[in-house]
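Worksheet for the structure shown next.
Bear in mind these aren't lab numbers, they're just calculated from the coordinates by the rules spelled out. All figures in this text were calculated on a predicted structure; none of them were measured in a lab. All Cβ positions, even for glycine, are placed from backbone atoms using ideal geometry, and neighbour counts span all protein chains on display.
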């Protein structure tokens with residue numbers, strides 16, 4: 001029975017899911033557009049009116065609404081970014097099925113964020129995987145279908161690992177409530193399952209493989225929910241657990257984040273396809289979040305140091321900011337692809353005058369993701385790096401700083417060759433209004449938080465600690481300016497970073513070679529076995545045909561063989577009679 005006694009709020013995920021169910025009733029014209037805009041507004045309002053803490057909408061052992069400062073923060077940014085994605089999709093999406101997949105995807109992500117128990121989380125986790133697949137397959141090409149198949153195989157593997165971890169956790173604790181996971185098999189299975197969605201290095205290849213092949217609007221939705229839900233669950237489940245080696249596993253998670261940061265940015269620099277460049281930057285920016293969670297994991301929910309609390313706040317501040325500037329970048333590049341038909345930087349250029357609003361919003365987002373002073377990325381990146389400095393993790397500080405340098409290089413490359421390099425032959429015009437509105441909203445939010453970070457500080461989990469962080473401290477500001485000037489000089493003097501059409505291979509090449517080798521190794525013995533079986537079956541069939549045509553000929557026996565056959569038959573019959581007791585008086 002659902003407990004509604006203390007529930008003034010409906011779980012936001014239900015609003016989007018119900019909206020998807022009712023969508024076909026509104027046709028395909030302007031009425032549908034109005035309905036989707038109202039739905040986006042209702043989702044944001046449903047989060048804005050929530051209060052924390054509260055636990056409600058409990059059905060049996062399933063908890064559909066668990067609200068605290070962290071889940072509320074996730075609800076805010078998912079509702080804002082998701083609403084912008086809905087409005088953006090009005091310009092390009094005509095099929096109701098695409099909208100339904102997007103709404104179910106958004107609703108299930110909201111459901112996972114506000115879930116209070118592991119099994120509710122798992123249900124929404126799997127719905128996310130299958131509904132997001134539709135956004136890839138709706139592109140319609142064979143390359144999209146193939147990428148979608150690889151995408152869902154990865155997520156089925158991750159979902160199975162997550163479920164296994166949940167079961168082990170339940171068996172050892174007897175609790176299904178979402179919380180820190182005890183060290184053991186369940187810990188590693190959960191880490192593996194969450195690591196797929198959070199795009200840990202070696203588990204990340206589904207992301208740059210599938211996102212560039214999705215629909216233009218579908219890529220916006222994909223860039224928002226799956227990976228950020230993974231980071232959220234990572235913070236929830238790998239926080240405060242008592243582990244051996246005095247918590248060294250959490251340092252391990254922090255350095256996974258460092259590896260993601262530097263790995264993603266290196267591959268981003270090498271890309272020509274603009275959406276693939278942005279996809280690798282999702283991996284890189286996730287690295288800051290994972291590093292923050294890894295440093296601060298011991299602090300969430302227990303006695304924590306100031307550095308650990310700042311690390312958690314930095315991780316989720318960067319998650320919030322990332323969804324603003326990264327969705328802006330994907331929307332800008334989607335608009336460029338929509339108007340020009342080109343995906344590669346080598347085909348672009350000269351778009352600054354033809355698409356001025358798109359250019360301005362893209363430059364704002366590029367400055368934000370690069371951590372330039374006055375934009376939101378500067379605030380959250382600085383928090384994570386400062387937390388690492390406080391923990392004296394000098395190698396991690398160096399890795400995250402180098403990641404910022406690489407990010408600036410790749411976005412100078414993106415903006416320069418897309419908008420400012422010379423190309424007199426390209427034809428384009430400004431993006432449609434439904435694309436421009438959400439791009440401008442998210443770009444303005446990037447500036448607002450960058451200039452007045454208190455807007456973000458007030459909704460972070462550890463408000464008091466973050467209020468003591470001085471984002472614009474003179475030493476930090478001066479060092480960032482030095483790095484920026486050095487990077488800009490490096491980019492234009494070396495010239496190595498110009499786009500090219502060479503193919504770059506990721507570790508998925510190894511997966512595919514190993515897979516093909518495994519199939520080849522199995523194929524030979526299996527084929528030989530199948531051929532041998534086929535020969536035996538054909539021989540038996542041939543014998544049966546001949547027997548049916550002339551039974552006497554096929555069963556012709558000598559006298560001795562006949563007598564032996566009869567004796568064996570009667571001996572078997574006698575044994576059966578004795579065993580069954582038929583000869584007993």
Explain nothing, just the number: relative contact order of the range 245-502, from Cα pairs under 8 Å at least 6 residues apart, as a whole percent. 26
Which residues in the range 141-167 place their backbone N less than 15 Å from a point set 7 Å from the Cα of residue 514 along the Cα-to-Cβ direction? 154, 157-158
Using Cα pairs under 8 angstrom and six or more residues apart, how large is the relative contact order of the range 36-184, in percent? 20
Alpha carbon centre of the range 80-153 versus the range 417-448: separation in Å? 25
Shape call, the range 57-123: gyration tensor on alpha carbons, a/c limit 1.5: oblate
Where does each of 66, 464, 391, 430 land when they are ranked from fewest to most other beta-carbon atoms within 10 angstrom? 464, 430, 391, 66
Hey, what angle do you get for helix 559-580 against the long axis of the chain, alpha-carbon based, 0 to 90 degrees rounded to 10? 70
Within a 10 angstrom radius of the beta carbon, how do 478, 119 rank from fewest other beta carbons to most? 478, 119
Compute the relative contact order of the chain as a whole-number percentage, counting only Cα pairs closer than 8 Å that sit 6 or more residues apart in sequence. 12
Compute the helix-to-body angle for 306-340: its Cα long axis versus the longest principal axis of the chain, expressed 0 to 90° and rounded to tens. 80
Under the rule rounded for a/c under 1.5, else prolate if a/b exceeds b/c, else oblate, using alpha carbon gyration tensor axes a ≥ b ≥ c, the range 393-477 is classed as oblate
Per the helix-only model, the chain has a calculated mean residue ellipticity at 222 nm (DSSP H runs of ≥4, -39500 (n - 2.57) each, divided over all residues, rounded to the nearest 500) of -23500 deg cm²/dmol
Hull-based mean projected area of the chain, where the convex hull spans the alpha carbons, in square nanometres: 41.9
Report the paramagnetic label zone for residue 306: residues of the range 264-299 whose backbone N is under 19 Å from a point 7 Å from Cα along the Cα-to-Cβ axis. 295-299
For 84, 160, what ranking results if the residue with the fewest other Cβ atoms within 10 Å of its Cβ goes first? 160, 84
How tilted is helix 96-114 with respect to the longest principal axis of the chain? Cα atoms for both, answer in degrees (0 to 90, nearest 10). 80
So for the pair residue 451, residue 353, with labels modelled 7 Å out along Cα→Cβ, what separation do we get in nm? 3.0
Additional length obtainable on full extension of the chain from residue 535 to residue 463, 0.36 nm per residue less Cα span: 18.3 nm
